[in-house]
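Okay, structure first, notes after.
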Amino acid sequence: MTRARDVATWPMIVDGAARQAADGSTTDVVNPATDEVIARVPNGGAADLDAAIAVARRAFDDGRWSKMGHAQRAEALWKLADIIEASAQEYAEVETSHTGKPLKFTTTVDVPSSIDALRFFAGAARQLEGKAMAEYVPGWMSAVRREPIGVVGSIAPWNYPLTMAVWKIGPALAAGNTVVLKPASNTPLTAVMLGKAALDAGIPPGVLNVFTGSGSVVGPLLVADRRVDMISLTGDTTTGQKVMAAASESMKRLHLELGGKAPMVVFDDADVDAAVEGVLAGGFLNSGQDCTAATRILVQRPIYDELLRKLVARVNQIVVGDPLAPDTDLGPLISHAHRRKVEEMVGRACRGGAMLRAGGECVAGPGSYYKPTVITDVAQTAEIVQREVFGPVVVVLPFGTDDEGLAMANDVDFGLASSAWTSSVFRALRASAEIRAGAVGINDHAFICSEMPHGGYKKSGFGKDLSQYAFDEYTNVKHVSFALTRDARKSWYDSVVKPAGSL
C-alpha cells in the first residue's frame, strides 16, 4: 500500500467544534482505487464517545432543537440541502475518493438523491400525521401527539456514506431528535463535511455530532449507553443481531436495515433484452456492494439460454477501471480484505461444481478491483445462492412453473428488494403480493425515491428509510385525553370503587 506522507487530518464534529481523539490517535482513509492514503480521521475511543453522547443528551434535554418551531427546523434542513447542492461536485469527488465508486454515479445518484431526501424531510417536519382530535368516547376528547424520541445513535455503512447518513439524520432531525452519527471507519469524509455544513445551515451545536472511531470498539458502547434512546443501523445482518442483543437491556428503539439477497424473477413472457439491462444495472451497481443488488437471477426455462447468452455478452462489455474516467462502469471494491472475501466465496462455489460464465477473478495492479462475475449450475441450497456476497457477482438459476420461481425467490433468509419481469399484469400482481420483500419492482429493479419507503422483511431488518414512514420511525406516539366534564366521578369509576357514602 502506498503511504502518503502529507495528508490532512479531518476532525470529528462534536458540540459544534472540530475535535481530535483524546489520545491523539488517527485512522487512515484509503482510496480503494489507488491504495493511497488520502486523509486521516480521529480514532475516537470510549472517552470521546462519552463526551459526544453527553453533548447530544444535553442538546436534546435543553430543547434547543426539539422545542424549536417546526418551520424553523424545516428551514434549517432545507438550507443544509442548499449548502450541499452548492458544493455538489466536491461532495461527489470526495465520495468517489474514499469509496471507489465511479464519479458518474456519485455525481448523478448519490449527491442529488441525498439533497432530495433532505428536502423531503424538511417538508415532513411541518406535517405530522395522526388521528384527528375527537370525542371517540362520549365525555372525553382524545388527541395524538408525535414527539421526538431523544438521542439517536446513527451508524452508517461504507457503501453509501453520504446517502445513508442523510437517510438517518434527515428524519431524525426533522422530528426534533439529536444525533450522534458514527460513519464507517473507511468512509467518514462526507459525514464530516455534512456535520460542518449542518452548523452553517443553522442547526445548533450539539444537535448533530459526527463521531469517528472503530465500530468494533465504540459501537457496542454507543448501543449500550442508557443516554441513547434509539439506534439506527445500516449494516450486515450479523451486526444487526449483535445490536439487538446489546440494546435489549435498555429496551432501545431500533431501526435496522440489514443484508439482502435480492431475486430477479424473469418470467418467459418478459422482454429479455430489458431484463438483461436490468441485471447490469441492478446487479452491478456500486460493484455489487448494495444490499438491494439483484444477485439471484431466476429465469423461466423457455428463455433461460437466450437470457444467459445475452447477459454474458453484455457483462463482458462492462468497463472496470479508474472511477474518475467518464467511461468507467465499475470501480474497485472497498478494500483488499473485502475483495478476498468475495474471491473466496466465488472460489468455494466453483470448487462445489458451479460454472463461471464471466469474470471470477481479480484485476491486476493497484486497487481492489474484481471483474463482474456470472455463475450458473448451482443448487438452490448453495452458499453462493443463500448468503450475501456483496460484490459484483450474480447467479443465474432456471425455474419451471410460476409457483417454483416465486418459491425460489422467497427461499432465502433475506427480504429487502426484489423484482419481477413479465408482460402479464396477472403475473405482476401475483409477484407483488407473494414475494416477501420490502420492495418489489415490476420490470425494473431497486427503484428508490424519497416519497416511498425502503426497508426489509425477515433478516433484512425492520423499520423504514425515506418517506413519511421513516419520519414516523423517529417519533414517539402519545395519547392525550381530556375529560369534558367537571364531575368528580367519571362513569367508569364505579367499576373500580364504590362512591363515597354508599353501602
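Tabulated data for the structure shown
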item	result
Calculated FRET efficiency for the pair Leu128/Phe462, C-beta based, R₀ 22 Å, to 0.05	0.50
Angstrom value of the Kirkwood radius, inverse mean 1/r, which spans all Cα pairs in segment 13-107	16.3 Å
Gyration tensor (Cα) of segment 356-412, equivalent ellipsoid semi-axes in angstrom	28, 11, 8
Estimated inter-spin distance, Asp82 and Gln317, nm [label 7 Å along Cα→Cβ]	4.4 nm
Set of aspartates and glutamates with alpha-carbon distance to Lys67 below 15 Å, sequence-local pairs under 8 removed	Glu75, Glu147
Sequence ranges 221-227, 115-121, 425-431, ranked by mean other-Cβ count within 10 angstrom, highest first	115-121, 221-227, 425-431
Ranked Ile297, Ile334, criterion: other C-beta atoms within 10 Å, fewest first	Ile334, Ile297
Total charge dipole magnitude, segment 302-390, about the Cα centre, Cβ charges on Lys, Arg, Asp, Glu only, Debye to nearest 20	180 debye
DSSP H segments from the chain that extend 30 Å or more along their own axis, Cα-based, with Kyte-Doolittle mean of 0.0 or above	none
Whichever aspartates and glutamates have a C-alpha closer than 15 Å to that of Lys371, once near sequence neighbours (fewer than 8 apart) are set aside	Asp322, Asp329, Glu343, Glu344, Glu361
Prolate/oblate/rounded label for segment 262-442 (Cα gyration tensor, a/c 1.5)	prolate
Calculated P(r) of segment 164-320 - Cα pairs past 19 Å, %	65 percent
Unsatisfied cross-links (Cα-Cα over 29 Å) in the set Lys252/Lys458; Lys310/Lys458; Lys104/Lys458; Lys242/Lys341; Lys310/Lys464; Lys101/Lys182	Lys310/Lys458; Lys104/Lys458; Lys310/Lys464
Alpha-carbon Rg with Dmax, taken over the chain, Å	25.0, 94
Distant-in-sequence amide H partners of Gly206 (H built 1.01 Å from N, under 5 Å)	Asp15, Gly16
Approximate spin-label separation Asp327-Ser214, in nm, with each point projected 7 Å along Cα-to-Cβ	4.4 nm
Ratio Rg/Rh [Cα only; Rh per Kirkwood] for segment 79-184	1.16
Cβ-based exposure ranking for Val210, Val480, Val440, in which fewest neighbours within 10 Å come first	Val480, Val440, Val210
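Taken together, the values in this text are just the output of simple stated rules run on the coordinates, not laboratory data. No experiment lies behind these values; they were computed from the predicted model shown. Methodologically, a virtual Cβ is constructed for each residue, glycine included, from the backbone with ideal geometry; neighbour enumeration extends over all protein chains shown.
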